[in-house]
Amino acid sequence: MFAAHELSSNSKLSVLVVDMGGEMEKRSCPAAETGKCIGCKPCHIMCGLGGAGGMSSGILNLRPDIGGDLGKLVKSAREAQKLVEEVDTIFLEHGAPRKIYGRNSKEIDELTRRAAAAGVKFIPIPQRHIGSEYLPKVVNSFKRKLERQGVKFMLNSQVEQIGNGEVIIEGKHIKAKYILAAPGRVGADWFAGQARKLGVKLVHGPIDVGVRIEVPAVIYESVVKVNRDPKFHIRTKTFDDFVRTFCTNAQGFVMEERYNNHIGVNGQSLRIKKSKNTNFAFLVHIELTRPITDTTAYGRSIAYLATTIGGGKPLLQRIGDLRAGRRSTWKRIERSQIEPTLRSATPGDISMALPGRIVTDILEGLERLDKVIPGVASDSTLLYAPEVKFYAMQITADEKMETNVPNLFIAGDGAGLSRGIVTAAATGLLAARGILAKAKV
Ligand SMILES: Cc1cc2nc3c(=O)[nH]c(=O)nc-3n(C[C@H](O)[C@H](O)[C@H](O)COP(=O)(O)OP(=O)(O)OC[C@H]3O[C@@H](n4cnc5c(N)ncnc54)[C@H](O)[C@@H]3O)c2cc1C
């Protein structure tokens with residue numbers, strides 16, 4: 001939509017936005033209320049007007065290095081920041097609230113100082129919260145503006161094939177001089193297949209492997225007051241690896257995720273039902289260089305091993321048991337002060353599933369975090385494994401977002417360029433500018 005905005009504001013090119021999902025009003029997900037996915041096709045959470053962001057709580061992270069790294073895509077940090085501001089201005093124009101959280105507050109300064117003293121980097125992020133209840137209004141207002149500027153929408157329409165100056169949508173061939181592929185995480189595998197067929201260069205991106213941590217909500221309370229999803233970055237002592245917190249769910253629930261051949265864990269907060277715990281991912285960043293670069297295969301092998309040891313369920317262990325070199329059992333867990341929110345897990349030994357280096361990183365990282373948030377690494381803290389974040393294959397493109405296949409441009413999460421609303425939108429602006437430069441309009 002941001003690319004369509006840029007194109008329709010600055011040219012007479014005819015612009016068609018195709019999406020396999022539907023209008024905002026038609027998007028509803030039972031899992032958001034109940035926690036149970038019934039497998040809608042296409043998934044309402046991921047697909048439709050506004051993309052995956054359309055059904056989210058609409059947190060706009062107003063930093064170019066969060067949800068990707070725009071600084072690496074443009075010439076200067078200033079240019080990257082300007083892109084963030086341009087995206088934010090469009091959201092404001094369509095009704096995003098003016099209030100910004102996480103900027104210049106005493107609490108943020110104090111948390112930053114406390115973290116720095118413990119050798120942890122707290123990343124203060126100026127954030128705008130649109131909120132899931134207002135998102136439909138914002139997205140629809142944006143759509144109406146685009147329509148007034150001549151943009152056409154073709155929803156509930158799945159693109160099957162792209163390339164050679166055309167797009168095939170459910171058997172129908174549509175001519176397209178320029179194609180901008182922005183299929184998001186949901187369309188990443190499909191797009192990687194298309195890219196391979198067309199001879200577009202792609203490489204494996206990094207992955208994040210670790211655990212989901214669950215602590216009593218009171219331990220994290222003061223931190224989530226400062227930032228709903230606080231981001232802490234840590235370099236570990238033994239391996240100098242990068243570990244970070246991600247996706248915090250205050251008073252939330254740990255969930256099991258099922259993939260084709262392995263399981264994983266994630267977290268969620270439900271709108272109505274609240275738990276007494278807070279969970280967050282604690283992840284080690286892994287990049288492979290030589291001779292193997294296939295991070296996806298490596299991450300999957302770890303997930304398979306954890307699935308085997310867990311008997312097809314996520315593994316659950318208290319940190320105290322991990323430190324003592326023994327497995328957890330339900331009896332031991334029941335003696336703790338915290339009750340796990342995911343019951344369909346197997347109490348066991350995470351060190352039999354995750355590589356030693358990752359286990360060391362997790363233990364060292366948590367001990368450091370405990371200096372900022374006392375209690376986080378106490379013996380009763382629960383660890384669930386495996387949590388593996390696979391990202392899309394990185395599609396290679398020039399600074400105008402054009403691939404080595406002429407007139408095929410890319411943007412967003414599905415091309416491995418971003419992992420958030422603002423950064424995805426910014427890459428849309430860059431791609432549109434690339435098209436405008438080529439079309440010389
Ligand atoms: C539940 C959830 C909550 C999130 N919350 C936040 C948040 O608060 N803040 C934040 O910054 N980020 C959040 N994110 C991440 C954010 O939504 C994404 O980073 C962002 O939407 C990526 O934008 P995109 O345009 O690249 O792709 P998407 O938004 O994923 O859009 C891709 C679109 O392409 C369509 N598509 C894919 N393949 C095809 C095909 N073959 N034919 C037709 N259409 C196709 C899909 O239907 C989809 O609508 C959240 C993600 C999820 C899943």
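The values are calculated or read from the model by the stated rules, or taken from the named source; none is laboratory data. Keep in mind the model is a prediction, meaning the values are calculated, not measured. Note: ideal-geometry Cβ built from the backbone for every residue, glycine included; neighbour counts use all protein chains shown.
Structure notes:
- Residues of the stretch 166-211 that are part of a strand (DSSP E or B), of a type in the set (Val, Ile, Thr) and either surrounded by fewer than 16 Cβ atoms within 10 Å (Cβ to Cβ) or within 16 Å of the ligand (Cβ to nearest atom) (or both): Val167, Ile168, Ile169, Ile174, Ile179, Val203.
- The C-beta contact set for the stretch 187-204 (first residue small (Gly, Ala, Ser), second residue surrounded by 20 or more Cβ atoms within 10 Å (Cβ to Cβ) and outside any loop (DSSP other than H, G, I, E, B), distance under 6 angstrom, 6+ apart or interchain) comprises Gly187/Gly414; Ala188/Gly414; Ala195/Ile395.
- From the options Ile125, Ile162, Ile90, residue that is touching a residue at least 40 places away in the same chain (Cβ under 8 Å), within 22 Å of Cys247 (Cα to Cα) and buried (at least 18 other Cβ atoms within 10 Å of the Cβ): Ile125
- Qualifying residue in the stretch 400-409 (condition: in contact with a Gly (Cβ under 6 Å, 6 or more places away or on another chain), within 14 Å of the ligand (Cβ to nearest atom) and in contact (Cβ under 8 Å) with a residue 12 or more places away in the chain): yes
- Residue list for the stretch 234-278, filter: part of a loop (DSSP other than H, G, I, E, B) and either crowded, with 22+ Cβ neighbours inside 10 Å or hydrophobic (A, V, I, L, M, F, W, C) (or both): Phe239, Ala250, Gly252, Leu270, Ile272
- Residue count for the stretch 151-165 under the criterion of being away from the ligand (no atom under 13 Å from the Cβ) and either assigned to a loop (DSSP other than H, G, I, E, B) or among the aliphatic types (A, V, I, L, M) (or both): the result is 3.
- Count - residues of the stretch 372-397 that are in contact with a Gly (Cβ under 8 Å, 6 or more places away or on another chain) and over 19 Å from Glu214 (Cβ atoms): 6
- Residues being under 16 Å from Asp241 (Cβ atoms) and not in a loop (DSSP other than H, G, I, E, B) - total across the stretch 334-362: 7
- Subset of the stretch 48-72 [hydrophobic (A, V, I, L, M, F, W, C) and either within 23 Å of Phe246 (Cα to Cα) or away from the ligand (no atom under 14 Å from the Cβ) (or both)]: Ala52, Met55, Ile59, Leu60, Leu62, Ile66, Leu70
- If you go through the stretch 360-389 and pick out every residue that is surrounded by 20 or more Cβ atoms within 10 Å (Cβ to Cβ) and modelled with pLDDT under 95, you end up with 1.
- Every residue from the stretch 390-414 that is outside any loop (DSSP other than H, G, I, E, B) and modelled with pLDDT of 95 or more: Glu402, Leu408, Phe409, Ile410
- Here is the figure for the stretch 100-125: residues that are among the small types (Gly, Ala, Ser) and touching a strand residue (DSSP E or B) at 6+ places or on another chain (Cβ under 8 Å) total 4.
- Any chance Gln317 is touching a Pro at 6+ places or on another chain (Cβ under 9 Å) and either crowded, with 20+ Cβ neighbours inside 10 Å or closer than 27 Å to Asn260 by Cβ (or both): yes
- Yes/no for Leu436 being within 13 Å of the ligand (Cβ to nearest atom), more than 24 Å from Gly131 (Cβ to Cβ), out of contact with any His (no Cβ under 9 Å at 6 or more places or on another chain) and not in a strand (DSSP E or B): no
- Among the residues listed as Gly428, Gly365, the single one being in a helix (DSSP H, G or I), of a type outside the set (D, E, K, R) and under 19 Å from Asp208 (Cα atoms): Gly365
- Number of the condition not met by Val376 [criteria: (1) assigned to a loop (DSSP other than H, G, I, E, B); (2) more than 15 Å from the ligand (Cβ to nearest atom); (3) farther than 24 Å from Ile59 by Cβ]: (3)
- Scanning the stretch 124-150 for residues being under 18 Å from Met20 (Cα atoms) and either in contact with a Lys or Arg (Cβ under 9 Å, 6 or more places away or on another chain) or part of a strand (DSSP E or B) (or both) gives a total of 1.
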